[in-house]
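Engineer: Below: one structure in structure tokens.
The values are calculated or read from the model by the stated rules, or taken from the named source; none is laboratory data. Just so we're clear, the structure is a prediction, and the values are computed from it rather than from any experiment. Please note: Cβ atoms are built from the backbone with ideal geometry, for glycine as well, and neighbour counts cover all protein chains shown.
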Amino acid sequence: MRLFIAALAISLLTAPALAQDDTTPPPPCDTPEYHQFDFWIGDWEVSSPDGAAQGRNVITAEESGCLLVERWVSTAGNTGQSYNFYNPVTETWRQIWVSTGAIIDYEGGLTDTGSMKLEGTITYPGSGVTAPFTGEWTPNEDGSVTQHFEQYDAEKDAWAAWFTGIYRRAESDQL
């Protein structure tokens with residue numbers, strides 16, 4: 001009888017755990033929208049369009065794929081970081097970039113051509129100046145990514161290129 005009661009107790013204790021495995025929802029960031037910017041994940045050497053080295057950028061997926069974290073170091077030693085995430089309420093991607101020279105806050109999403117385009121503002125903490133700002137990341141056929149930023153110049157009533165970088169996988173990140 002004791003053996004029967006022990007077996008019954010074990011089955012009752014493990015049954016809810018087994019049943020829970022069948023009903024556990026998928027991870028919260030496991031839908032395709034959360035992976036639209038995955039083409040930017042990696043360890044990258046960044047150069048200007050003419051090939052001059054600009055720096056290194058490491059983009060990692062964190063928080064079970066809910067967050068992309070960027071860690072930038074320029075060839076001059078300047079650094080910056082960004083948090084990038086898909087917001088299911090607004091159905092947009094958002095990036096918050098912070099460095100000693102600038103704070104960028106913008107959002108957007110995939111374009112019809114497959115690039116990620118974000119629009120918002122840049123603020124320069126030293127002066128408090130704020131301006132409209134855009135960033136666009138375009139995956140290229142060779143596996144590189146082109147990143148292009150523009151800032152609006154109110155005095156000239158025109159957009160001006162702010163930075164263009166070509167991302168190529170660092171040797172340590174080769175597939």
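Engineer: Which condition breaks for F149 when tested against (1) more than 17 Å from Q36 (Cβ to Cβ); (2) within 15 Å of the chain's Cα centre (by Cα)?
Structural biologist: That leaves (2) as the condition not met.
Engineer: Let me ask something additional. Out of everything in segment 132-170 that is free of Cβ contacts under 8 Å to residues at least 60 places away in the same chain and among the small types (G, A, S), what residue ends up being nearest to V58 (Cα to Cα)?
Structural biologist: Looking at residues that are free of Cβ contacts under 8 Å to residues at least 60 places away in the same chain and among the small types (G, A, S), I get S144.
Each row is one residue, and each column tells you yes or no for (1) surrounded by 14 or more Cβ atoms within 10 Å (Cβ to Cβ); (2) touching a strand residue (DSSP E or B) at 6+ places or on another chain (Cβ under 7 Å).
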position	(1), (2)
T111	no, yes
M116	yes, yes
Y124	no, no
G135	yes, yes
S144	yes, yes
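Engineer: For segment 60-96, which residues satisfy the criterion of being β-branched (V, I, T) and closer than 21 Å to G165 by Cα?
Structural biologist: T60, V69, V73, T75, T79, I96
Engineer: Of all residues in segment 123-161, how many are under 19 Å from W93 (Cβ atoms), among the hydrophobic types (A, V, I, L, M, F, W, C) and touching an Asp or Glu at 6+ places or on another chain (Cβ under 9 Å)?
Structural biologist: Matching residues across segment 123-161 total 2.
Engineer: Is there a residue being among the β-branched types (V, I, T), within 16 Å of the chain's Cα centre (by Cα) and either part of a helix (DSSP H, G or I) or farther than 21 Å from T164 by Cβ (or both) anywhere in segment 49-59?
Structural biologist: no
Engineer: Please report, ordered by residue number, the strands (runs of 3 or more DSSP E) entirely within segment 95-172 with at least 1 residues that are more than 21 Å from V69 (Cα to Cα), hydrophobic (A, V, I, L, M, F, W, C) and out of contact with any helix residue (DSSP H, G or I) (no Cβ under 8 Å at 6 or more places or on another chain).
Structural biologist: The qualifying strands (runs of 3 or more DSSP E) are 129-139, 158-169.
Engineer: State whether one or more residues within segment 156-163 are within 17 Å of T113 (Cα to Cα), modelled with pLDDT of 95 or more and among the small types (G, A, S).
Structural biologist: The answer is no; no qualifying residue exists.
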